[in-house]
Amino acid sequence: MHLCRRCVSLLLSRPLSAALQPSTYALHQRSHHILLQHSRGQPSIHSLTQRHSRETWTSCGRRNLTDHQAASPEVYNNKTDLAQREVGKHIVPLESSKVHQSQASLSDIGLEEAVRPSPLQKISEEEAVQIQVPSALPPDSFTLRPYVDKSETLSKLVQLGVNLWELERRPNVGSMLVRLDFHADVAPKLLFLKDLGVEESKLGTLLTKNPFILTESLDNLEARVSYLKTKKFSQESVAAMVSKAPYLLNFSVERLDNRLGFFQQHLGLSAEKIRNVVTRLPKLLCGSLEPIKENLKVCELEFGFRGNEIQHIVTTVPKVLIANKRKLTQIFDFVHNTMDVPHSLIAKFPQVLNAKFLRIRERHLFLEYLGRAQYQPSQPNYISLDRLVFLPDDVFCSEVALATLEDFERFQKTL
């Protein structure tokens with residue numbers, strides 16, 4: 001069976017039943033109407049006076065008649081038979097009573113790929129399951145902003161106070177957060193931290209610094225907390241350590257055990273003092289051991305402190321272990337060599353090693369200018385190192401330097 005170009009175009013632009021109804025049915029009706037008119041001797045619907053018209057059957061079944069053909073019945077009968085045969089070549093036979101219900105097979109006319117199903121057509125449940133709906137989330141982005149409104153995980157993290165703009169600058173962190181399921185991955189970790197004793201107001205800061213804790217399993221987190229408790233760390237101490245050092249629970253039990261053993265071996269401190277130092281500065285369990293080893297050697301070999309003095313310095317100011325070596329050396333050199341403070345006094349007031357070098361220098365020079373730079377306990381007008389360093393400017397001027405704050409500020413401008 002063949003279709004004309006116009007019928008094919010109709011089939012391509014509309015559903016099959018809608019396309020076949022106006023085209024094939026109209027061809028049948030038109031051809032039967034013409035045959036009926038001439039069998040009764042009536043003139044054609046076309047004017048017999050059109051001189052320049054001729055009988056033609058187009059691809060869609062239209063006809064024109066000339067005068068002499070309309071006047072000659074025999075010729076017309078022959079033409080009528082020919083026209084009927086031509087019409088039969090270009091139309092699809094349909095039953096007149098079921099024209100609107102007829103359905104043609106797409107495979108017979110080769111239009112399987114061209115005709116698409118109607119959006120109102122009913123489909124089975126199996127076909128509905130196979131439908132792939134595109135995701136509303138963008139496939140890629142340079143920022144997490146397009147995902148916040150669509151992702152429950154990101155929206156909840158924002159409500160907790162997590163700074164997503166900081167996390168999205170870190171490699172692979174943004175894609176990791178988008179893949180997390182809030183109820184399966186995030187909520188259990190938040191409840192665990194809250195039960196541990198971490199304050200809710202600190203959860204946002206903790207997750208901003210360490211979002212990878214959300215990828216840790218609860219079994220590993222519980223095992224690390226249990227290990228710290230076996231070392232006689234209280235739950236309050238563990239909660240404080242996790243708040244200060246968010247990466248603490250990301251390290252295995254073996255690593256935590258090795259770190260505690262290292263400090264006990266190299267510092268020679270008791271277990272209680274080790275717990276005190278680690279609780280105050282939990283970063284000692286998270287960072288590298290190389291700076292710690294180097295600072296211990298500097299205190300012993302370059303500065304000349306004895307073992308018991310190093311122990312007192314570490315237990316009083318644990319930050320000395322992770323302080324910048326250059327800064328530590330600069331402060332010690334100025335206090336010991338310029339201010340002429342002995343090792344014993346520095347070990348007795350080790351807070352000076354953690355102070356700002358500029359403050360120490362300005363205040364010492366001001367006292368020296370006033371003739372009050374006396375740091376020996378056996379001498380009159382003795383000034384301790386802690387009063388030199390940690391008092392506010394106005395209190396330092398009134399109680400230590402015995403001068404006004406304006407005098408000290410004018411002296412600072414001369415430096």
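Values quoted throughout were computed directly from the atomic coordinates according to the rules given, and no laboratory measurement underlies them. Note that this is a predicted model, so its numbers are computed, not measured. Positions of Cβ are backbone-derived with ideal geometry, glycine not excepted, and every protein chain shown enters the neighbour counts.
Some values worked out for this structure:
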read-out	value
Ordering of 195-206, 403-414 by burial proxy (mean other Cβ atoms within 10 Å per residue, highest first)	195-206, 403-414
Members of K209/K283; K150/K209; K327/K413; K189/K319; K244/K319 lying beyond 22 Å, as alpha-carbon distances in this model show	K150/K209; K327/K413; K189/K319
Where Rh is the Kirkwood radius over Cα pairs, Rg/Rh for segment 338-384	0.95
More than 23 angstrom apart: percent of Cα pairs within segment 261-351	18 percent
Two-site label geometry, V395 and V158: point separation in nm, points 7 Å out along Cα→Cβ	4.5 nm
Where only alpha carbons of segment 195-339 are counted, the Rg and the Dmax (Å)	16.9, 56
Qualifying trypsin sites (Lys or Arg not before Pro) in segment 343-374, DSSP loop, other Cβ atoms within 10 Å at most 15	K356, R372
Charge dipole (debye, nearest 20) of segment 343-415; +1 at Cβ of Lys and Arg, -1 at Cβ of Asp and Glu	280 debye
Dipole magnitude (debye, nearest 20) for segment 181-316, charges at Cβ of Lys, Arg, Asp, Glu	360 debye
Normalised alpha carbon radius of gyration of segment 313-415 [divisor 2.2 N^0.38 Å]	1.06
